[in-house]
2 protein chains.
Amino acid sequence: MRKGEETRAKILDAAEAAMLAKGFGATSIDELIVETGITKSGFFYHFRDKNELAKALLERYIENDERIYDEIFGRAHELADDPLQAFLIGLKLLSELLSDLPNGHPGCLVATMCTQERAFDREIQEMNRQAALMWRRRFGAMFREIMQVYRPREPLDADQLADMVSTVLEGGIVLSKALKEPKSLPDQLLVFRSFVRLLFQPAVQP
Amino acid sequence: MRKGEETRAKILDAAEAAMLAKGFGATSIDELIVETGITKSGFFYHFRDKNELAKALLERYIENDERIYDEIFGRAHELADDPLQAFLIGLKLLSELLSDLPNGHPGCLVATMCTQERAFDREIQEMNRQAALMWRRRFGAMFREIMQVYRPREPLDADQLADMVSTVLEGGIVLSKALKEPKSLPDQLLVFRSFVRLLFQPAVQP
DNA sequence: TACACTCCTGTACCGCCGGTAAAGTTTTCC
DNA sequence: GGAAAACTTTACCGGCGGTACAGGAGTGTA
């Protein structure tokens with residue numbers, strides 16, 4: 001039982017790296033079993049087919065993603081009581097974490113599965129949707145907290161602002177990859193951070 | 001000659017739709033020739049291999065993309081002399097254009113080829129990079145114009161702001177697809193528009 | 001009118017890949 | 001020690017990307 005999960009994890013690790021680099025279709029089961037040191041039948045013992053693999057992959061990815069956000073914004077809330085300050089600190093911590101990735105962000109599985117949506121079944125598309133909705137709920141709650149203390153200078157919706165976090169992250173990943181500039185992603189996040197600060201901080205001087 | 005270009009265009013049309021929907025790997029040449037009403041040999045007469053097809057596809061896509069931006073921001077500059085107003089009008093026009101797409105944005109080829117980068121050769125990766133750099137130059141020039149008239153309230157770099165346009169577009173496309181909410185993309189663009197207005201418009205009241 | 005050139009079709013073939021089937025073997029855990 | 005889990009082995013299938021090459025139809029041109 002323990003051994004099985006280990007092998008499964010090894011397959012998922014290899015698959016995740018390959019899928020993020022080459023996409024779903026270009027990642028062959030054969031290459032995964034070579035990298036994992038397993039036979040083809042061994043692979044199909046763990047996953048009924050490639051779609052099942054994709055599902056397991058996405059599930060694990062989203063869980064990990066949530067864990068990271070929990071940690072970062074949890075830490076941010078320890079460092080500041082004010083909801084705006086906590087959020088700004090969270091964005092900074094996230095930007096620093098992304099800066100520290102040596103080869104840049106490896107890519108977002110949600111995004112790769114969105115840009116290849118018709119290659120996956122409805123269940124996966126629904127998982128993707130739920131992931132995006134969870135991001136909206138998470139950051140939306142933060143913006144609503146902030147709005148109870150600060151009045152935004154522009155009448156923007158908390159959910160739309162929350163979506164902007166996801167947008168900047170997903171867009172920043174794409175741009176970083178296109179430009180081959182890993183710094184772009186953390187930089188874009190800091191630009192967004194400036195916007196948020198500008199939106200909620202009271203106007204300075206007369 | 002005329003006939004050949006026509007067939008070529010038909011292949012590219014079918015390929016673009018399929019690639020944006022399913023990705024590169026999941027799009028088979030066989031399905032393209034069925035849709036185009038051509039034989040397999042006929043396909044390989046036009047494109048040496050699948051990578052050649054991808055290259056032609058990307059080239060055409062980027063040209064069209066540039067044309068659209070030329071039109072929209074050209075029109076915006078006709079409607080306002082002030083560079084900030086022109087840019088804000090341009091974003092609004094772009095948002096409206098994206099709102100009018102009945103099934104939402106079909107996806108960005110640059111993004112799909114970035115999220116599957118290792119499936120393509122270096123030439124394509126370089127084309128992608130050049131496309132992102134052109135966006136940066138285009139919007140960077142606009143922000144520099146704006147900055148000659150308005151002082152930003154936060155010390156942000158024109159190129160980073162330019163990249164933010166690409167980020168919001170690419171990220172908005174991903175989010176729209178994930179959420180299955182076509183409105184998200186134009187909405188996110190309008191949120192960004194509010195940020196730009198906030199950044200450059202002088203503070204109201206003492 | 002003939003030729004050259006573009007734009008294909010037809011046929012036959014190759015190896016990789018996703019997937020199936022089923023029987024057998026080793027490893028792990030209780 | 002025995003059952004269940006975790007595989008291996010072998011054999012096979014059809015689809016797909018790609019190659020090779022011969023042939024043919026339509027078109028502009030000398």
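The values are calculated or read from the model by the stated rules, or taken from the named source; none is laboratory data. It should be emphasised that the depicted structure is a prediction, and the values quoted were computed from it without experimental measurement. Please note: Cβ atoms are built from the backbone with ideal geometry, for glycine as well, and neighbour counts cover all protein chains shown. Areas reflect the complete protein model, heavy atoms only, side chains present, ligands, DNA and RNA absent. Shrake-Rupley method; radii C 1.70, N 1.55, O 1.52, S 1.80 Å.
Using a/c under 1.5 as the rounded threshold, could you call the protein assembly as shown rounded, prolate or oblate? The axes a ≥ b ≥ c are square roots of the C-alpha gyration tensor eigenvalues, and prolate needs a/b larger than b/c, oblate otherwise.
Working: a/c = 2.26, a/b = 1.25, b/c = 1.80.
Oblate, because a/c is 1.5 or more while a/b does not exceed b/c.
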Per DSSP, loop trypsin sites (Lys or Arg not before Pro) in the stretch B:29-100 with at most 11 further Cβ within 10 Å: B:Arg48
Accessible area of A:Phe120 in the full protein assembly, 1.4 Å probe (Å², nearest 10): 10 Å²
Dipole magnitude (debye, nearest 20) for chain B, charges at Cβ of Lys, Arg, Asp, Glu: 180 debye
Per residue Cα convex hull volume in Å³ - calculated over the stretch B:1-47: 62 Å³
Highest-fluctuation residue, A:Asn51, A:Asn103, A:Asn128 considered, GNM on chain A with Cα pairs under 10 Å: A:Asn103
Label point distance in nm, B:Glu66-B:Gln201, each placed 7 Å from Cα along Cα→Cβ: 3.5 nm
Added length on full extension, which subtracts the Cα-Cα distance from 0.36 nm per residue, A:Gln130 to A:Lys180: 15.0 nm
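How would A:Thr7, B:Thr39 line up by accessible area, probe 1.4 Å, largest first? Show your work: numbers first, answer last.
Details: A:Thr7 30, B:Thr39 90 Å².
Heavy-atom accessible area, descending, gives B:Thr39, A:Thr7.
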A:Gln85 paired with B:Arg122, simple spin-label distance in nm, labels 7 Å along Cα-to-beta-carbon: 5.1 nm
Area projected by the alpha carbon convex hull of the stretch A:120-202, averaged over all directions, nm²: 6.4 nm²
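Can you pick out the pairs among A:Lys55/A:Lys177; A:Lys3/B:Lys50; A:Lys22/B:Lys3; A:Lys3/B:Lys22; A:Lys10/B:Lys55 whose Cα atoms lie more than 29 Å from each other?
On the way: A:Lys55/A:Lys177 24 Å; A:Lys3/B:Lys50 41 Å; A:Lys22/B:Lys3 35 Å; A:Lys3/B:Lys22 35 Å; A:Lys10/B:Lys55 34 Å.
Long pairs (Cα-Cα over 29 Å): A:Lys3/B:Lys50; A:Lys22/B:Lys3; A:Lys3/B:Lys22; A:Lys10/B:Lys55.
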All lysines inside 19 Å of A:Lys92 as judged from Cα atoms, apart from same-chain residues fewer than 8 positions distant: A:Lys183
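Only four residue types carry charge here, +1 at the Cβ of Lys and Arg and -1 at the Cβ of Asp and Glu. Report the dipole size of the stretch B:1-47 about the Cα centre in Debye, rounded to the nearest 20.
Magnitude of the dipole: close to 140 debye.
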Rg(Cα) / (2.2 N^0.38 Å) computed for chain B, rounded to two decimals: 1.17
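Tell me the net charge near B:Gly23. Cut-off is 14 Å between Cβ atoms, B:Gly23 excluded, with +1 for each Lys or Arg and -1 for each Asp or Glu. Each step should come with its number before you reach the end.
Numbers: positive: A:Lys22, A:Lys50, A:Arg118, B:Lys22, B:Lys50, B:Arg118, B:Lys177; negative: A:Glu117, B:Glu16, B:Glu31, B:Glu117.
Every neighbour counted, the sum reads +3.
Counting only other chains, what is the mean number of Cβ atoms within 10 angstrom of the Cβ of each residue in peptide A:148-155? Walk me through the numbers on the way to the answer.
Values: counts 0, 0, 0, 0, 2, 6, 6, 1.
Mean inter-chain Cβ contacts per residue within 10 Å come to 2.
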Dipole of the stretch A:1-51, positive end: most advanced residue of A:His46, A:Ala9, A:Leu20 [Cβ charges, Cα centre]: A:His46
On Cα atoms only, tilt of B:50-79 relative to the major axis of chain B in degrees: 30 degrees
Chain A: relative contact order as a whole-number percent, Cα under 8 Å and 6+ apart: 20 percent
Charged-residue dipole, Cβ positions (Lys, Arg, Asp, Glu), the protein assembly as shown about Cα centre, Debye nearest 20: 60 debye
Cα centroid separation, the stretch A:83-126 to the stretch B:125-150 (Å): 24 Å
